[in-house]
1. Report those helices (runs of 4 or more DSSP H) wholly inside region 1-113 carrying at least 3 residues which are touching a residue at least 60 places away in the same chain (Cβ under 8 Å).
2. Please determine whether any residue of region 257-276 is within 30 Å of Gly64 (Cβ to Cβ) and either within 25 Å of the chain's Cα centre (by Cα) or surrounded by 15 or more Cβ atoms within 10 Å (Cβ to Cβ) (or both).
3. Hand me the list of strands (runs of 3 or more DSSP E) wholly inside region 280-365 holding 1 or more residues that are surrounded by fewer than 16 Cβ atoms within 10 Å (Cβ to Cβ).
4. Do you know which residues across region 153-169 are in a loop (DSSP other than H, G, I, E, B) and more than 27 Å from Val240 (Cα to Cα)?
5. Test Asp364 against the stated conditions and say whether it is free of Cβ contacts under 8 Å to residues at least 24 places away in the same chain, over 25 Å from Ala226 (Cα atoms) and either in contact with a Cys (Cβ under 8 Å, 6 or more places away or on another chain) or not aliphatic (A, V, I, L, M) (or both).
6. Return the only residue of Val308, Val267, Val316, Val281 being without any contact (Cβ under 8 Å) to a residue 24 or more places away in the chain and aliphatic (A, V, I, L, M).
7. Look at region 204-256 and say how many of its residues are on the phi > 0 side of the Ramachandran plot and open to solvent by less than 60 Å² (accessible area, probe 1.4 Å).
8. Filtering region 141-152 down to residues that are in a loop (DSSP other than H, G, I, E, B) and not acidic (Asp, Glu), which residue is surrounded by the most Cβ atoms within 10 Å (Cβ to Cβ)?
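The values are calculated or read from the model by the stated rules, or taken from the named source; none is laboratory data. Remember, predicted model here, so these are calculated numbers, not experimental data. All Cβ positions, even for glycine, are placed from backbone atoms using ideal geometry, and neighbour counts span all protein chains on display. The area values use the complete protein model at the heavy-atom level, side chains included, leaving out ligands, DNA and RNA. Shrake-Rupley method; radii C 1.70, N 1.55, O 1.52, S 1.80 Å.
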Amino acid sequence: MSTKTPVMLRRQMVADLRARGNIVSDEVEAAFLAVPRHCFAPEVTPEEVYSAPEGIITKYNDRGKPVSSVSAPWLHARMLEAARISRGMTVLEIGSGGANAALLAELVGEQGSVTSIDIDPDITSRARILLDKAGYERVRVGQADGARPLPDVPEHGYDRIIVTVGAADVAPVWRDQLAEDGRLVVPLRFRGLSRTLAFAREENHLRSDTLIRSGFVAIQGPSAHAVRSVRLAGRHVRLVVDEDQEADADALSEALADPAREQWTSVELGGQEGLLPRLEVWLAGAIAPYGRLRATPEAAGRGLVGWVLGTGMPAVWDHNSLAYLTLRQAPPAGTERYELGVIAHGPGREQLASRLADAVRRFDREARDSEPVVRAYWPDDPHGPGGVSVDKPSIRLTIA
């Protein structure tokens, strides 16, 4: 049993977050030191709350799917840093839990305001009780669908809107309720990827300046849009498809059974470089259709696929052929360097492999050292995007 008090655990957590670069500002550090995080996940020990590398699930639905959680400290910290919150601001949190709302309350101070909403009355009731117990009675908690218009929006809009559930779209009301110089932080799913983006206004659209690789429980209600999982070899290999992209399961399953074509790109990455997450996002704006190939370890053992990471690998396809990224150890042996390659199947495997490999090489030449920029356009924007775009129900995304 640990002899450390919650205060000691809190200080250790903050020191670790600082050392890893997840906390940068003094204001966010002070908020983390002030909030008794363990009060918002009483189901587990304080040690687990303060050191959790992943979110702590606090509610499951009747199908056993998680619908509410307390995010890991590093993710809370990075989202708050990206939000750039200061004293006196008005903040809307979509997706209640309590811990993040308490951190927001510390950041805006007594002169600011925090409103936390959730569609689930069980979640808002729990958040209200825990916030009161922790001393954050000033946080407003309400039951509402965050993707629909809200009453009592400040006249100038919210200075910050922080979404803490995974969204498949950017709801138009978030733009409408956001102050002119406001920031929207939202975990957004697109092309099989999940990234938390911090947006600010740019002309008639939104422009990202921060991307965080992250996962959240999915938003509930009418605005939820489930991903489609196309099975290519039973449960062992599947293609994750978003945005209603067409994918013929029978034709692609047949393609996967065909001999593989390998093409290596000479593009290398290091184990700690963070290149692959940037490439994944960049490819979403460079090539279509585009999704994610996921495979079980048994699939690799049976030779159905090449080296596919546990989180999946970028994939492209046409009506009867499929190609996906893979890795191999780069020389010399023993170094943490890997070469990116393409494995392709089906009648069009040569052309599809070349297309994906060429896109990877272009990324290496033009964008390797920069973070992708995501722009969100609404249908009423006269300067809408050209080229490859990711079409959502409410918006079109471009990635550059």
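1. Helices (runs of 4 or more DSSP H) meeting the threshold: 26-34, 73-83, 99-108.
2. Checking region 257-276: not a single residue is within 30 Å of Gly64 (Cβ to Cβ) and either within 25 Å of the chain's Cα centre (by Cα) or surrounded by 15 or more Cβ atoms within 10 Å (Cβ to Cβ) (or both).
3. Here the list reads 322-329, 337-345.
4. Val153, Pro154, Glu155, His156, Gly157
5. no
6. When all the criteria are applied, what remains is Val308.
7. So the answer is 3.
8. Residue satisfying both the conditions and the ranking: Gly146.
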